[in-house]
Structures are given as C-alpha cells and as structure tokens.
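Remarks on the structure that follows.
Nothing in this text is a laboratory measurement; each read-out follows from the coordinates by a stated rule. Bear in mind that the values here come from a model prediction, so they are computed numbers and not experimental data. Note that each Cβ is placed from the backbone with ideal geometry, even for glycine, and that neighbours are counted across all protein chains shown.
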Amino acid sequence: MNLVDFFKALSDETRLRIINLLLNVSYLRVRDIVEVLQLPQSTVSRHLAMLKRLGWVEDKRVDIWVHYRLNRRLNHSLLSALKELFTHHLVFQNDVNRLQHRESFGTGGTAQESNG
C-alpha cells in the first residue's frame, strides 16, 4: 500500500471517529460502533471496509460476530499522536464518553480498555 492511500483514511470524520473508538478498546463489533456513533449500519460497514482495505483495521470472526481492531502493525507513535489530537476535540471526546457509558452498564460487547 502506498502512503497516500494509507493517509486517505484520515480524510473522513466518520473514519476518524471509528479509529478514535478503536484506540480506546481492544476490539469493537459493527453494532457497537453503530450504537456509539449513532450512524446507520451500512455507513459504519462501508467505512470499516475502507479502513481494512487501507491497512488501518483488521477483523476476526468470533462466533456470529466480526470483531474489528486497529492493525497491530501500525506505528505506535502515530497512534499515540492521534489519540492525543482526539482528546482536544469534543466530537471525539463525546464518542469515547458514550462508549465508556455503554460499557459501564454492560450493554456492549466491547473488550477491555486498550493501553493505546
């Protein structure tokens, strides 16, 4: 994959919001992302497919669910910088707050918080 395609993932707010969520947990299912971002399933699935194609996420089937996580080969310094940038923008903070609220009530299938 070339560098332009890799960074193309960062050119869309929905994809940035998905990356932000995945920076805060080990994995998420499509339905988790749909509920937190309050977007249609088709929109989330389309953006996850692009993130996967561009090398940002990987997926794994577990029973009937597909779990998505950030690609483990991504540069940790890049991910840390993105996470820091996200903390300064309300839309990303609100997404993480909804995710944490959802997890605290046991309504999600998300994994333990990631170390970033």
Per-residue Cβ neighbour rank within 10 angstrom, fewest leading, W65, W56:
W65, W56
Under the helix-only model (-39500 (n - 2.57) for each DSSP H run of 4 or more, divided by the residues of the chain), the mean residue ellipticity at 222 nm, to 500 deg cm²/dmol, is -16000 deg cm²/dmol
In a GNM of the chain with a 10 Å cut-off on Cα contacts, which of L54, L99, L70 has the highest mean-square fluctuation?
L54
Can you give me the distance in nm between label points at F6 and W65, each placed 7 Å from the Cα along the Cα-to-Cβ direction?
3.1
In terms of the alpha carbon gyration tensor, root eigenvalues a ≥ b ≥ c, rounded if a/c is under 1.5 and otherwise prolate when a/b exceeds b/c or oblate, the range 9-110 is rounded
Within-12-Å neighbourhood charge of L51 [Cβ basis; K, R +1; D, E -1]:
+3
Scoring the range 3-104 by relative contact order with C-alpha pairs under 8 Å, at least six apart, yields a percentage of 32
Using a Gaussian network model of the chain whose springs link C-alpha atoms within less than 10 Å, name the residue from L39, L21, L90 with the highest mean-square fluctuation.
L90
In a shell of Cβ-Cβ distance under 13 Å around L39, excluding L39 itself, what net charge do Lys and Arg (+1) and Asp and Glu (-1) give?
0
Rounded, prolate or oblate for the range 48-105? Axes are the square roots of the Cα gyration tensor eigenvalues, ordered a ≥ b ≥ c, and the cut-off for rounded is a/c under 1.5.
oblate
Where the Cα atoms of the range 1-64 are projected onto their three principal axes, how long is each span, largest first, in whole Å?
33, 24, 22
According to a simple spin-label model (label point 7 Å from Cα along Cα-to-Cβ), what is the distance in nm between V30 and R98?
1.8
